[in-house]
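The values are calculated or read from the model by the stated rules, or taken from the named source; none is laboratory data. Quick caveat, the model's predicted, so the values are computed rather than measured. Cβ coordinates were reconstructed from backbone atoms using ideal geometry, including for glycine residues, and neighbour counts include every protein chain displayed. Surface areas here come from the heavy atoms of the whole protein model, side chains and all, with no ligands, DNA or RNA. Shrake-Rupley method; radii C 1.70, N 1.55, O 1.52, S 1.80 Å.
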Amino acid sequence: MSTGLRGLSRPPVTVCGMTYQPAVLEGVLERITYANEDNGYTVARVDTGRGGGELLTVVGALLGAQAGESLRMEGRWGSHPQYGRQFHVDNYVTVLPATVQGIRRYLGSGLVKGVGPRIADRITGHFGTDTLRIIEEEPKRLIEVPGLGPKRTKLIAAAWEEQKAIKEVMVFLQGVGVSTSVAVRIYKQYGDASISVVRGNPYRLAADVWGIGFLTADRIAQSVGIPHDSPERVKAGLRHALSQSSDQGHCYLPEERLISDAVKLLQVDTGLVIDCLAELAQDEEGGVVREPVPDPDDPASRLTAVYLVPFHRAEAALAAQLKRLLRAPEDRLAAFQDVAWDKALGWLASRTGARLAPEQEAAVRLALTSKVAVLTGGPGCGKSFTVRSVVELARAKRARVLLAAPTGRAAKRLAELTGAEASTVHRLLELKPGGDAAWDRDRPLEADLVVVDEASMLDLLLANKLIKAVPPGAHLLLVGDVDQLPSVGAGEVLRDLLAEGGPVPAVRLKRIFRQAQQSGVVTNAHRINSGAPPLTQGLEDFFLFVEEDTEAAGALTVDVAARRIPARFGLDARRDVQVLAPMHRGPAGAGALNGLLQQAITPARPGLPEKRFGGRVFRVGDKVTQIRNNYEKGANGVFNGTVGVVTALDADEHRLTVRTDEDEEIGYDFDELDELSHAYAVTIHRSQGSEYPAVVIPVTTGAWMMLQRNLLYTAVTRAKRLVVLVGSRRALGQAVRTVSAGRRCTALDHRLRGAVPVPGGGMAPGG
C-alpha cells in the first residue's frame, strides 16, 4: 500500500475565508488519543510507513475509525502552537492493507472478533499477503493455520462477514458523525434491515437503540431528506423532550412547559407542536398521556401534566398498590397487634446488648404493626440499630423476612447489620431481559416482612416493580435519608411518601447518639444539613485542603486520594478511597479526575493488557461503573451505578471481564465498552447508596451551578471513617447556603391522598 502525502488534482477548498489545495494522507491508525462522540472530533496518531517509528498527529472528522485500520484521509496540513505539525482531516475512507505487517496489525487490532495479535500473527505467518483474500473467499482454509480448530475458524469467518456488514452501515452513517459502537448497535438491532430503517424512519433509532438520542436521529433524518416541519419529526421531538425531563428526575412536564421546550428544540411553529401533541395523546401508540393534576405551586388549582406512558402507568399503579397494601384485611404479622411490648423490648435488649431510645421504639412498633411504614433520619441517629431490632423481633416470631437495597454495596451493609441475607432489589425481583420481574402481583414474594434500605434511591419505575411484588398482608418497611439527593431515575418516591397528609405512617429519627457525636463526619453532616458550615480544624476524620484554583484543586484531589490517605491511614487507594465530584466535566470533574487517578493507581505497565476505546484506556485492575441499565447481562441484569473491577482482558476474544460489587463476573465485548466508565472518581449522584471508608470531595468554584446543600450532605454521608474536602472556602460556603431549587414534577403524593383519581376505578392498568 502506498503511503505518505500525495498532491492530487482536486479543486481548491475554502475554509474560514482561506483557500487551500486539499491533500491526501495514507497510513495506519495506531491509536486514538481523544474522541468526542458528540461532534465526532478526534485526535489520533498515524503511522505513514516512513520508517523510524515516527507517528503523525491527525485531527478532525475521524469518528468511526478504529486502531489498526488503514486510512486514506483527505484534508490539509496545519500547525498547533503546543502540539506542532498536524494533519486536519475533512473526510476519510478505510482501505485494506497490502503488506504482511499491515495485514497483521489490521487483523490483530480488535476489528474481527476471535482474532487478537497472537492469532493474527499465526494467520499472516501462514498465508502472508494472501491472508485477507483467503478469509474473504476461502475461509475454510483457516483450519490450515496451526492451533486453529474448526470452531474458531467458523467464528472468525462469521465475524468477518458481520464486520463487512457493519462497515457498510458505518459508511452510510459516517456523514452524520455516528460512532462505530453505535453503528454496531444499529446493526445488532436491525441486522440487514439497518440501512432501510435508517433511511425510512430514523427517529426509530432514538427509541430502539441505546446511545442514539433525538439529536443524532434528527441529523440522520435531515441527511435522508425528512422535512424540518414533518409531523413525525415534531412528535419525535416531543417524546425526546419528555424523555430528557425524565432523565432530570421529572415524571411529567406541565403542558405549557413541554410545548415551549419543543418549540425551542425543533424551531417550528407553536401551532404545529400543539397539533402534534394532541395527535400523540389521542393515538394509543403515541406514547404520551395528558392528565390534570394539582399545581405544585398552587395545589388549589390544576395544570395539565403530560407523561410518557411508562411513567404515568407506574405512578398510578404505585399509588394504587400502596393503598391496597395499607388496606389489606389480612395481616401476616398479626402477632404484634397485641404483643406485650415491655417483654418483647426487654428480650430484644438482652439479644442486642442495648435498649432502644423512645423514637426508635416507636419506629419498631410502627414497622411491626403497620402494613407500610417509612423510617427516615440522618447519620448517627440509629436507623441501622432500629432496622436490626425490627428484623430480630420479626424473626423471633418465625416471620419470613426479605431484605433488599438498590445497590450491591448497600445490600452487603444491610446483611452485615442484620446477620441475615440481603440482596439488591433487582436480584430480589429476579428481573428478566426486557425489565419484567419474575415476582409481581400475580406471583408475589414469599415474605411476611420486606425491608428496603437506602429507599431515597428508589426511582418511580423500580419502586412500582417492588411494591407490586409485596403480597397482601405482608409488611413493608422503607428506610432512607430523605435529605439526601433524590434518585438518579425519575421520581421522588421517598419524599412523596413522607408528604404531609399522606396515608403512609412514618417516624423520623432526630437524636444523634453520643458515640456518633464524637465523629466529625456525623457532626459535620448534620451541620451541613442545617445550613451551618462544617468544622474543618481539630478533627481526626474531617479535613479541608484549601486550593482556590480549580485545576490545582483537581491535581491536589488526586494526590490526596492516591497517595496521602493511603500513606497516613493505611487505606487502599482503589478499594477504600472514593473521589466524589459535584459534576462530570471540568478540571476537577469526575471525567478529568478519572484519567489522572488511573495514571496514579493503575498505570500502564509492560505485560499489563489494555484496550483503548475512544479516548479512554481500560486495564486489568481498573475500577469501573456501569452507566446504563442492561437487562441482558448477568443473572438479573446489570444496572446504572453498579461498580466493579476489571479482572481480565482477552484481546483474541475481544472481551473484558468485570467482577462487580455483588461478586458477579460480567463479560463485555469490546464494542460494548461505552456502557462502562472509570470509577476512581464518580459524581456524587452516582455514589448514592454506597458507603466508603474514605471520601475525597473537590469543592471548587468551577462547579458553582451544582453546589447545593443536599449534594454536599449526600457526599459527606457516604463516608464511614474519613472525609477530605479539597477546594475553596467560597465554594464550600456556596454549597452549604444553597438549598436545592424546586421539586421534581411528580403527582404520587397527590394520588396517595386521592387528589388525582387512579384510572380504572382504583387500580391502575399496566404499570
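By a 1.4 Å probe calculation restricted to protein chains, Glu551 has an accessible surface near 130 Å², given to the nearest 10.
Taking the dipole about the Cα centre of the chain, with the C-beta of Lys and Arg at +1 and of Asp and Glu at -1, give me whichever of Gly378, Gly502, Ala98 is farthest to the positive side. With unit charges placed on the Cβ atoms, the residue in question is Gly378.
What is the helix-to-structure angle for 255-266, meaning the angle in degrees between its Cα long axis and the longest Cα principal axis of the chain, kept from 0 to 90 and rounded to the nearest 10? For 255-266 against the chain, the angle is about 10 degrees. Under a model in which nothing but the beta-carbon of Lys, Arg (+1) and Asp, Glu (-1) is charged, the chain shows a dipole of about 1780 debye around its Cα centre. Each other residue within a Cβ distance under 12 Å of Asp576 adds +1 if Lys or Arg and -1 if Asp or Glu, for a net charge of +3.
For the range 324-406, the set of GluC sites (Glu not before Pro) satisfying both a DSSP loop assignment and a count of at most 15 other C-beta atoms within 10 Å is given as Glu330. Each of the peptides 588-601, 69-82 was scored by the mean count of other Cβ atoms within 10 Å over its residues; in descending order, highest first, they stand as 588-601, 69-82. Of all beta bridges that DSSP places with both ends in the chain, some 65 percent have antiparallel geometry.
Only protein atoms count toward the accessible area here, which uses a 1.4 Å probe; on the range 266-424, the carbon and sulfur part of that area reaches 47 percent. Taking amide H as placed 1.01 Å from N in the peptide plane, Val756 has its amide H under 5 Å from the amide H of Arg751, each at least 5 places away in sequence or on another chain. When Rg and Dmax of the Cα atoms in Å is calculated for this entry, the matching label among (i) 34.6, 127; (ii) 28.9, 97; (iii) 29.0, 89 is (ii).
Histogrammed with a bin width of 10 Å, the alpha carbon distances of the range 85-173 distribute as 16, 49, 24, 9, 2 percent, first bin at zero. Residues in the chain average 43 Å² of solvent-accessible surface per residue, probe 1.4 Å, ligands and nucleic acids excluded. Return one number: the angle in degrees, 0 to 90 and rounded to the nearest 10, between the long axis of the Cα atoms of helix 309-327 and the longest principal axis of the Cα atoms of the chain. Tilt of helix 309-327: around 20 degrees.
Largest to smallest in accessible area, the residues His88, His228 fall in the order His228, His88 (1.4 Å probe, all protein chains included).
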